[in-house]
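Participant: Below you will find the structure I want to go over with you.
The values are calculated or read from the model by the stated rules, or taken from the named source; none is laboratory data. Computed from a predicted model, the values in this text were never measured in an experiment. All Cβ positions, even for glycine, are placed from backbone atoms using ideal geometry, and neighbour counts span all protein chains on display.
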Amino acid sequence: MGKNKSNLSTEAKEWIKKISSNGSEAFETIPKELFTEEFCNALIKKEGWALGYIPDALRTEAVCLNAIQQNGLMLEYVPEALKTESLCLMAVESSGCLEYVPEVLKTETMCVAAYARKKYAEEYFPESIKTLFSDEKKLKDALYAHRKMKYIERHLQVKGREPTVEETAEYFRMYFKE
């Protein structure tokens, strides 16, 4: 447990409390020297919406991941260079925020995951995906398959670890028999 003990100063902890109480207005008065990666991570853990107020230079991979785990909509504030497929998929699966995903990452899987959360996500599909799903049945089939895969992943994670590729393939064959 000692590893997770915060080294934040009392002043930094007080500012986090102030932000929690007063919202975004408090950011304007935070002393610049308090902005460290540790402060930003502690702040994000308390207030998941705060990524947009953190200086760009401190929006590291760890800080952004922490923010997305708290609130998928924070993908809007993640620097483009840090928007990986896995980070975007995590954000999309929790909030449906396809509008913040770079075009190159808008795959069939990404689009179906967004659509599973928010039907309006369809307006952010690239033309190639819109064409693919122009038949509503194809979209519904893809959505059904996506939901089934999420169920399978959760079932495998009950074992206390991430599923292996082989396990996922086995469950996929089991559940998606033609």
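Participant: Among the candidates THR84, THR29, THR36, THR60, which residue alone is among the hydroxyl-bearing types (Ser, Thr, Tyr) and under 22 Å from ALA121 (Cα atoms)?
Facilitator: Residue meeting the stated conditions: THR84.
Participant: A further question on this structure: Just for the range 72-101: of the residues that are of a type in the set (D, E, K, R) and assigned to a helix (DSSP H, G or I), which one is modelled with the lowest pLDDT?
Facilitator: Restricting to residues being of a type in the set (D, E, K, R) and assigned to a helix (DSSP H, G or I), the top hit is GLU93.
Participant: Scan (1) at pLDDT 70 or above; (2) over 27 Å from ALA62 (Cβ atoms); (3) among the acidic types (Asp, Glu) for the single condition GLU178 breaks and write down its number.
Facilitator: Only one criterion is unmet by GLU178, namely (1).
Participant: Can you find, within the range 13-45, the residue that is surrounded by the most Cβ atoms within 10 Å (Cβ to Cβ) among those that are of a type in the set (Gly, Ala, Ser) and at pLDDT below 90?
Facilitator: Within the range 13-45, the match that is surrounded by the most Cβ atoms within 10 Å (Cβ to Cβ) is ALA26.
Participant: Restricted to the range 102-145, and to residues that are under 19 Å from the mean Cα position of the chain (by Cα) and part of a loop (DSSP other than H, G, I, E, B), which residue is nearest to GLY72 (Cα to Cα)?
Facilitator: Going through the qualifying residues, I end up with LYS118.
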